[in-house]
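Q: Have a look at the structure that comes next, please.
The values are calculated or read from the model by the stated rules, or taken from the named source; none is laboratory data. All figures in this text were calculated on a predicted structure; none of them were measured in a lab. Please note: Cβ atoms are built from the backbone with ideal geometry, for glycine as well, and neighbour counts cover all protein chains shown. SASA here: full protein model, heavy atoms, side chains in, ligands and nucleic acids out. Shrake-Rupley method; radii C 1.70, N 1.55, O 1.52, S 1.80 Å.
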Amino acid sequence: MKLNKKEISDYVQNFLKEDKSNKDITSKYFIDKKQKARASFLTEENIVLAGNNIVLYIFQKYCKNFKLISKLEDGKIIKKNKKFLVLEGNARNILSIERTALNLLQHLSGISTLTSKFFKKINSSKTI
């Protein structure tokens, strides 16, 4: 199943609303509204990456002066403790979005990683 841009946009808005990303009180009080930041996303275990493009869409739409520094493609096997996404932008925006982004990446990469493990098991058997 492939989602169209409207469906992705609707899901993203719901995810951000659920995470209350626009109510990041800590960032509003302690981080200057013009402060820039660099965010590096790292793996905590070996994974098959999924969701990077959706996360980039979120940052492009909701992060002021967003700049992509580096990115690995979805479907790649990423080793533990490796960077797979680095970006720069407004610090408040990055901090307000990062929880939603991480939740999506963890969920989608978890599914792709588990699917890969099942595929390897089935592929090595005589199952047709």
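Q: Any residue at all in the range 24-39 that is under 13 Å from the mean Cα position of the chain (by Cα), surrounded by 12 or more Cβ atoms within 10 Å (Cβ to Cβ) and not β-branched (Val, Ile, Thr)?
A: Within the range 24-39, one or more residues are under 13 Å from the mean Cα position of the chain (by Cα), surrounded by 12 or more Cβ atoms within 10 Å (Cβ to Cβ) and not β-branched (Val, Ile, Thr).
Q: Within the range 43-53, can you find the residues that are open to solvent by 50 Å² or more (accessible area, probe 1.4 Å) and either assigned to a helix (DSSP H, G or I) or hydrophobic (A, V, I, L, M, F, W, C) (or both)?
A: Within the range 43-53, 53 is the sole residue that qualifies.
Q: Name the pairs whose Cβ atoms lie under 6 Å apart, with the first residue in the range 70-88 and in contact (Cβ under 8 Å) with a residue 40 or more places away in the chain, the second of a type in the set (Lys, Arg), and 6 or more positions between them or separate chains?
A: Pairs that qualify, where the first residue is in contact (Cβ under 8 Å) with a residue 40 or more places away in the chain and the partner is of a type in the set (Lys, Arg), are 85/71; 88/38; 88/67.
Q: Let me ask you something else. When you scan the range 72-87, do you find a residue that is part of a strand (DSSP E or B) and under 24 Å from residue 25 (Cβ atoms), even just one?
A: Yes, because at least one residue in the range 72-87 is part of a strand (DSSP E or B) and under 24 Å from residue 25 (Cβ atoms).
Q: So, one more: Hey, can you tell me all the residues within the range 61-90 that are touching a Lys or Arg at 6+ places or on another chain (Cβ under 6 Å) and either open to solvent by 70 Å² or more (accessible area, probe 1.4 Å) or of a type in the set (A, V, I, L, M) (or both)?
A: 85
Q: For residue 97, only one of the following conditions fails: (1) out of contact with any Lys or Arg (no Cβ under 8 Å at 6 or more places or on another chain); (2) open to solvent by 70 Å² or more (accessible area, probe 1.4 Å). What is its number?
A: That leaves (2) as the condition not met.
Q: Being among the hydrophobic types (A, V, I, L, M, F, W, C), modelled with pLDDT under 90 and surrounded by 11 or more Cβ atoms within 10 Å (Cβ to Cβ): is that true of residue 58 here?
A: Spelling it out, residue 58 is indeed among the hydrophobic types (A, V, I, L, M, F, W, C), modelled with pLDDT under 90 and surrounded by 11 or more Cβ atoms within 10 Å (Cβ to Cβ).
Q: Let me ask another. Among 65, 123, 81, which is under 12 Å from residue 41 (Cα atoms) and of a type outside the set (Gly, Ala, Ser)?
A: Within the list 65, 123, 81, the selection yields 81.
Q: Among the candidates 108, 16, which residue alone is open to solvent by 30 Å² or more (accessible area, probe 1.4 Å), in a helix (DSSP H, G or I), out of contact with any strand residue (DSSP E or B) (no Cβ under 6 Å at 6 or more places or on another chain) and in contact (Cβ under 8 Å) with a residue 40 or more places away in the chain? Talk me through it step by step, then tell me what you get.
A: Details: 16 fails: open to solvent by 30 Å² or more (accessible area, probe 1.4 Å).
When all the criteria are applied, what remains is 108.
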